[in-house]
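*Asks:* Handing you this structure, nothing more for now.
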């Protein structure tokens, strides 16, 4: 008996619905961990949810073929998220394609794991605390967001305002000429290390799923081209520090990082372009000791930001 996860019509899922987006991410992570096939259904208008590179996108007509290709004995429709009409249609189609073998058994089988892994808090006990920074809806229904416990039940704007008081002096920038899927990880890292701002140079579209909704709490600025980005950095008086493995690079472990600066990363694969290298005050590399040529841009960004933190941030506890 095999399982199949069907996600239907995710274009109807608003990007700013943090609870639902987190639920989608949890479902996908569970499916991938258990090596359960994932089928997306709809018109492809849900690219903000996930990188679908290895996941089939099907219409209702194609569903029987997909089931046959996976040798699905029983189909479990899990987390059919989106509009009710389309969700019901995809469920009905799956039922017919599997000769009526569709069952919801997997819902209970998965829910035990999900509840055990669930983060956050439930509804706040009454009487509720009275504070302008608390969100009445979260107090009523609970707070499962990807935030520190100290921010539980806080309004989104209140969290951002508090973070703004403590943001560090470094910025993070990445060249995005080929839709780099590392940007989500970099945004999440920038939020964790409290970067002043993330700058995306080139294409505006990027994979938000990797950010795990942290982009809602992180300032992000888009620059259409490199001259525009350089002009902004010059106007702000921020030196650009490149991070890449180049002949002229020096180890970041031995470098002094400016308190106010921009850490610039190139596209995954080609690295910093020639224009980017020319704009850098210096280029730093990350020391490696194995056989691989480099770590990916997402990992490198976290290492570089932490190097800045070690030199300039006040760490307590």
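*Asks:* Quick check: anything in the stretch 156-179 in the same structural domain as residue 195 (by TED's automatic domain parsing), assigned to a loop (DSSP other than H, G, I, E, B), closer than 24 Å to residue 302 by Cα and within 17 Å of the chain's Cα centre (by Cα)?
*Replies:* Yes, the conditions are met somewhere in the stretch 156-179.
*Asks:* Among helices (runs of 4 or more DSSP H) lying entirely in the stretch 198-317, which contain 2 or more residues that are under 20 Å from residue 168 (Cβ atoms) and out of contact with any helix residue (DSSP H, G or I) (no Cβ under 9 Å at 6 or more places or on another chain)?
*Replies:* Numbers: elements: 226-236, 274-279, 297-312.
Passing ranges, in order: 226-236, 297-312.
*Asks:* Kindly provide the set of residues from the stretch 269-283 that are at negative phi and surrounded by 19 or more Cβ atoms within 10 Å (Cβ to Cβ), ordered by number. Give the derivation first.
*Replies:* Here is the first cut: in the stretch 269-283, the ones at negative phi are 270, 272-283.
Hits for the stretch 269-283 are 272, 276, 279, 280, 283.
*Asks:* While we're here: Does the stretch 122-145 hold any residues that are in a loop (DSSP other than H, G, I, E, B) and closer than 21 Å to residue 160 by Cα, and which are they? Give the steps one after another, and end with the answer.
*Replies:* Let us first name the residues in the stretch 122-145 that are in a loop (DSSP other than H, G, I, E, B), namely 122-133, 135, 142, 144-145.
If the condition is that a residue be in a loop (DSSP other than H, G, I, E, B) and closer than 21 Å to residue 160 by Cα, then 129, 130, 131, 132, 133, 135, 142, 144, 145 are the ones that fit.
*Asks:* Right, next: Return yes or no: is residue 286 touching a residue at least 24 places away in the same chain (Cβ under 8 Å) and surrounded by fewer than 18 Cβ atoms within 10 Å (Cβ to Cβ)? I'd like the intermediate steps shown before the answer.
*Replies:* Numbers: touching a residue at least 24 places away in the same chain (Cβ under 8 Å): yes; surrounded by fewer than 18 Cβ atoms within 10 Å (Cβ to Cβ): no.
No.
*Asks:* Residues in the stretch 124-131: is at least one modelled with pLDDT under 50 and not assigned by TED's automatic domain parsing to the domain that holds residue 296?
*Replies:* No: zero hits.
Matching residues to (1) surrounded by fewer than 21 Cβ atoms within 10 Å (Cβ to Cβ); (2) at pLDDT below 95; (3) in contact with a strand residue (DSSP E or B) (Cβ under 9 Å, 6 or more places away or on another chain):
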site	(1), (2), (3)
146	yes, yes, no
155	yes, no, yes
158	yes, no, yes
161	yes, no, no
170	no, no, yes
195	no, no, yes
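The values are calculated or read from the model by the stated rules, or taken from the named source; none is laboratory data. Given the structure is predicted, the values throughout are model-derived calculations rather than measurements. Because the Cβ atoms are built from the backbone with ideal geometry, glycine has one as well, and the counts that use them run over all protein chains shown.
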